[in-house]
1. Which of the residues belonging to the stretch 247-304 are free of Cβ contacts under 8 Å to residues at least 24 places away in the same chain and at positive phi?
2. Listed residues G299, G335, G292, G281; which is under 30 Å from S20 (Cα atoms) and small (G, A, S)?
3. Within the stretch 10-34, take every residue that is hydroxyl-bearing (S, T, Y) and over 16 Å from L337 (Cα atoms) and give me the one that is surrounded by the most Cβ atoms within 10 Å (Cβ to Cβ).
4. Does the stretch 164-187 contain at least one residue that is surrounded by fewer than 20 Cβ atoms within 10 Å (Cβ to Cβ), modelled with pLDDT under 95, part of a helix (DSSP H, G or I) and not basic (K, R)?
5. For the stretch 263-286, state whether one or more residues are in a loop (DSSP other than H, G, I, E, B) and crowded, with 18+ Cβ neighbours inside 10 Å.
6. Here is a list: R78, R161. Which entry is farther than 30 Å from E257 by Cα and buried (at least 16 other Cβ atoms within 10 Å of the Cβ)?
7. Mind checking which residues of the stretch 208-256 are hydrophobic (A, V, I, L, M, F, W, C), part of a strand (DSSP E or B) and touching a His at 6+ places or on another chain (Cβ under 9 Å)?
8. Say we look at the stretch 216-262 and pick out the residues that are of a type in the set (F, W, Y) and either under 16 Å from G281 (Cα atoms) or surrounded by fewer than 23 Cβ atoms within 10 Å (Cβ to Cβ) (or both); which of these is nearest to the chain's Cα centre (by Cα)?
Amino acid sequence: MRIFTLDVGSGTQDFMLSESLNCTDCKVVRNSVKMILPSPTRIVASKIERSKDVFLHGYTMGGGPCKKAAFEHAKNYRVVATERAALSFSDDLEKVREVGIEVVGESKNLPNEFTAIEMKDVDWEFFTYCLDRLGIDYPDLAIVAVQDHGYSVKKSNRRFRFEFFEKMLRKGAKLSDFVYNSREVPEVYNRMRSVVESYYDSGKPFGELYVVDTVFAAMAGCAAEAREFPALVMNFGNSHFVGAVVEEDGRILSMFEHHTRIVEERGKEWISNFINRFIRGEVDFEDVYEDGGHGAYVGEVVEVRDAVSTGPRVELSPCRVASSCGEVMITGNVGMLSLLEQVLENQEDDKRT
């Protein structure tokens, strides 16, 4: 079985094509086709910055750099965006209009004097081109990780995102429960749903598609390297700092999500103290939310037997770093393989019962 995995972050998009779901087989991981590329949001930002008047169309994607570029560009040039593209910047389109971006309905009639820039998290045509040029058969399955805050106009998306997680955690959710088949993505996840839409619009080239939030992919990659459980698994991303205490079967006992830039300013000693307080159950939702993060949930306080971390800002971590067979940039991809293996096993179990 050949599996397409893509971990879309704010700094990079990390691609790995695996010949197996066995994420602990270093021979498989090291010999897999891999690419570490600029993130889609940075690519779009670069295109905006190199243009004059621009027309943004396509799908809802991650914001960050492309949002900043579009907002700055609107100060000097005309920026026109379809509603679906504009949702990449804010769930409240009035806020997008307030900075001078013209939001229009979906249209295939592009203004001639504008540079048309397509917005989407996954350039499926690029990956099919690469595989064709390399003479590699298309994969049987695809799984993509993006960070989706959920669609929420009236409530803070920081609060909305974590409350959605917490509802599942209170029911005993496992890491694999946050993996969605393309036909089962919750309505609130407009970014994930856009990944699915773009996949089907491109002809569904790589078989069945699954999507997952980047934080669960990264934590699953760390969990695959934990030596004992319960284990603390953490991701120091370019944007988000997230951690959870998990059991060997993936059940999440507690979890937090903060912003990396905020904790980085506090320094490593503060980060270490925060992690220790979290493990002891001394951090709650409001502690993190009022500090500018997303929130925290502590279901059970247990003795943590191992701690593994990953991410592009992993130098901030006081704990052991996941190596993913020496390929540190594809921990999320390894995590996706682990999660997908569990999902497919559960599907087979359901068929037998």
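1. Of everything in the stretch 247-304, just one residue is free of Cβ contacts under 8 Å to residues at least 24 places away in the same chain and at positive phi, namely G267.
2. Being under 30 Å from S20 (Cα atoms) and small (G, A, S) holds for just one of G299, G335, G292, G281, which is G335.
3. Only one residue tops the list, namely S10.
4. Within the stretch 164-187 (the criterion being surrounded by fewer than 20 Cβ atoms within 10 Å (Cβ to Cβ), modelled with pLDDT under 95, part of a helix (DSSP H, G or I) and not basic (K, R)), the answer is yes, since at least one residue qualifies.
5. Scanning the stretch 263-286, I find at least one residue that is in a loop (DSSP other than H, G, I, E, B) and crowded, with 18+ Cβ neighbours inside 10 Å, so the answer is yes.
6. After applying the criteria, what remains is R78.
7. F241, V242, F256
8. Only one residue tops the list, namely F256.
The values are calculated or read from the model by the stated rules, or taken from the named source; none is laboratory data. Here the structure is a predicted model, which means the values were calculated and not measured. Reconstructed Cβ throughout: ideal geometry from the backbone, glycine too, with neighbour counts over all protein chains shown.
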